[in-house]
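Heads up, the thing below is written out as structure tokens.
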Amino acid sequence: MTDRSRLERGYRRVLACYPKAFRRESEEEILAVLMTTAREGQQWVGLAESVDLIRGAVRMHLGLSRSPRPVLNAVRLMCAGAALELAVMVTVLVTLGSVRSVIVQDFTAEQWHSTVLSQIVPVLAGAPIIAALWLWLAWANGRGHDWARPAFMALFGLLTLQLLIGLGEDTLLYAPADLIALTVPWLAGLAAMVLIFSKTAGLYYQPESARQ
């Protein structure tokens, strides 16, 4: 296999990340540009090139290549929210021992067991699910689907309820780190809510027929 054919094969593998419709229309043109601008004797796709191309593919899959800036920023916050939700799970696990050592001074063994089942287990079990919801709604909002905004509103309501339950159960007293971990995703959700319900973003969420 020659250097050129090896490089072309590498570019095609990276371009496979793009949506099929886009590849049908533009893959050969983009490939020609990439091959033309490649260095003399280059055999492999560079790391920076791969990252840049994959970033473009992600933007296209999320619909960000045509979305207005408020929606673009909201989608970024939603992706960050997914990561933060997993950070909540890690924080709860890391602080579990210290929380128990503090809380057992005021709680009986039965009360601690009840707290674990009613508060800690739901957070640990729900974090991956909520993270997946963040990502799914990031995709839907990036695409401008009509139902994406009310669906995200429902998710934000769930985050608010989770935070209020934490406040009501004296989380600040016994586990301040866990409360902070719950608050940060809520703030990201609040900022995303403001952005997707802004006037500029509103036009993007019109039905496809109206936008055309």
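The values are calculated or read from the model by the stated rules, or taken from the named source; none is laboratory data. Since we're looking at a predicted model, the values are computed, not measured. A quick note on method: Cβ atoms are made from the backbone with ideal geometry, for glycine too, and the neighbour counts reach across all protein chains shown.
Mind checking whether some residue in the stretch 23-40 is modelled with pLDDT of 85 or more, within 24 Å of the chain's Cα centre (by Cα) and in a helix (DSSP H, G or I)?
no
Which of the residues that make up the stretch 4-22 are assigned to a helix (DSSP H, G or I), under 14 Å from V45 (Cα atoms) and either out of contact with any Leu (no Cβ under 8 Å at 6 or more places or on another chain) or not acidic (D, E) (or both)?
Here is the first cut: in the stretch 4-22, the residues assigned to a helix (DSSP H, G or I) are 4-15, 20-22.
From what is left, the residues that are under 14 Å from V45 (Cα atoms) are 4-15.
Across the stretch 4-22, the qualifying residues are R4, S5, R6, L7, R9, G10, Y11, R12, R13, V14, L15.
Regarding R55, is this residue in the same structural domain as L182 (by TED's automatic domain parsing) and either among the charged types (D, E, K, R) or loosely packed, with under 14 Cβ neighbours inside 10 Å (or both)?
On the way: in the same structural domain as L182 (by TED's automatic domain parsing): no; either among the charged types (D, E, K, R) or loosely packed, with under 14 Cβ neighbours inside 10 Å (or both): yes.
In short, no.
Run P185 past the list (1) modelled with pLDDT of 95 or more; (2) crowded, with 18+ Cβ neighbours inside 10 Å and report the number of the one that doesn't hold.
Single failed check for P185: (1).
Just to be sure before I move on: is G142 modelled with pLDDT of 85 or more and either in the same structural domain as L86 (by TED's automatic domain parsing) or not in a helix (DSSP H, G or I) (or both) in the structure I sent? If you could, list the steps in order and put the result at the bottom.
On the way: modelled with pLDDT of 85 or more: yes; either in the same structural domain as L86 (by TED's automatic domain parsing) or not in a helix (DSSP H, G or I) (or both): yes.
So G142 passes the test.
Restricting to the stretch 145-182, and then to whatever is among the hydroxyl-bearing types (S, T, Y) and either surrounded by 18 or more Cβ atoms within 10 Å (Cβ to Cβ) or within 14 Å of Y205 (Cα to Cα) (or both), can you tell me which residue is modelled with the lowest pLDDT? Lay out the reasoning, then the answer.
Quick first cut of the stretch 145-182, residues among the hydroxyl-bearing types (S, T, Y) only: 160, 171, 174.
Checking which are either surrounded by 18 or more Cβ atoms within 10 Å (Cβ to Cβ) or within 14 Å of Y205 (Cα to Cα) (or both) leaves us with 171, 174.
Working: T171: 54, Y174: 51.
Applying the filter and picking the extreme gives Y174.
Only one of these is buried (at least 16 other Cβ atoms within 10 Å of the Cβ), within 26 Å of G202 (Cα to Cα) and not charged (D, E, K, R): A82, A38. Name it. Step through it out loud before you land on a result.
Values: A38 fails: within 26 Å of G202 (Cα to Cα).
Every option except A82 fails the conditions.
List pairs: first in the stretch 15-27 and in the same structural domain as S50 (by TED's automatic domain parsing), second of a type in the set (K, R), Cβ under 7 Å, 6+ apart or cross-chain?
If the second residue must be of a type in the set (K, R), the pairs left are L15/R23.
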